[in-house]
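Enquirer: First the structure, then my questions, so here it is.
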Amino acid sequence: MKITLYGKQGHAYTVAFKNFLNSTDVPYVYKDISKDAEAREHSKELYNGVAKFPTLFVDDQAYLTPTTEEFNKIMQDLKLRA
């Protein structure tokens with residue numbers, strides 16, 4: 001399983017999602033779209049020209065701006081627990 005999170009430092013959802021992922025033993029990649037130009041451009045492609053976050057990728061599936069409830073459901077489906 002490959003997990004990647006696009007977000008921005010200090011953003012509430014980004015911080016919450018990172019905290020959860022850090023509490024699991026599953027490795028993931030974090031990309032700050034304010035600092036990573038490639039991630040920012042990829043975000044713009046996903047959101048029709050606007051860089052938005054957070055964006056969660058699990059394997060080949062992209063979850064665009066998931067809410068906390070959606071994130072929790074995704075984590076439950078993956079059987080990940082803090």
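Enquirer: Can you name the residue in region 13-56 that is more than 17 Å from Leu78 (Cβ to Cβ) and of a type in the set (Lys, Arg) and is also most open to solvent (accessible area, probe 1.4 Å) among such residues?
Expert: Lys35
Enquirer: What is the one condition in (1) on the phi > 0 side of the Ramachandran plot; (2) in contact with a helix residue (DSSP H, G or I) (Cβ under 6 Å, 6 or more places away or on another chain); (3) not charged (D, E, K, R) that Ala82 does not satisfy?
Expert: For Ala82, the failing item is (1).
Enquirer: I need the helices (runs of 4 or more DSSP H) fully contained in the chain, keeping only those with at least 1 residues that are in contact (Cβ under 8 Å) with a residue 40 or more places away in the chain. Give the derivation first.
Expert: Values: elements: 12-23, 37-46, 68-77.
The helices (runs of 4 or more DSSP H) meeting that bar are 12-23, 68-77.
Enquirer: Does Lys2 satisfy the criteria of being touching an Asp or Glu at 6+ places or on another chain (Cβ under 9 Å) and either open to solvent by 60 Å² or more (accessible area, probe 1.4 Å) or charged (D, E, K, R) (or both)? Lay out the reasoning, then the answer.
Expert: Numbers: touching an Asp or Glu at 6+ places or on another chain (Cβ under 9 Å): yes; either open to solvent by 60 Å² or more (accessible area, probe 1.4 Å) or charged (D, E, K, R) (or both): yes.
Answer is yes for this residue.
The values are calculated or read from the model by the stated rules, or taken from the named source; none is laboratory data. Everything numeric here is computed off the predicted structure, so don't read it as measured data. Cβ: placed from backbone, ideal geometry, glycine included. Neighbour counts: every protein chain shown. Each accessible area value is taken on the protein alone, full model and side chains, heavy atoms only, with ligands, DNA and RNA left out. Shrake-Rupley method; radii C 1.70, N 1.55, O 1.52, S 1.80 Å.
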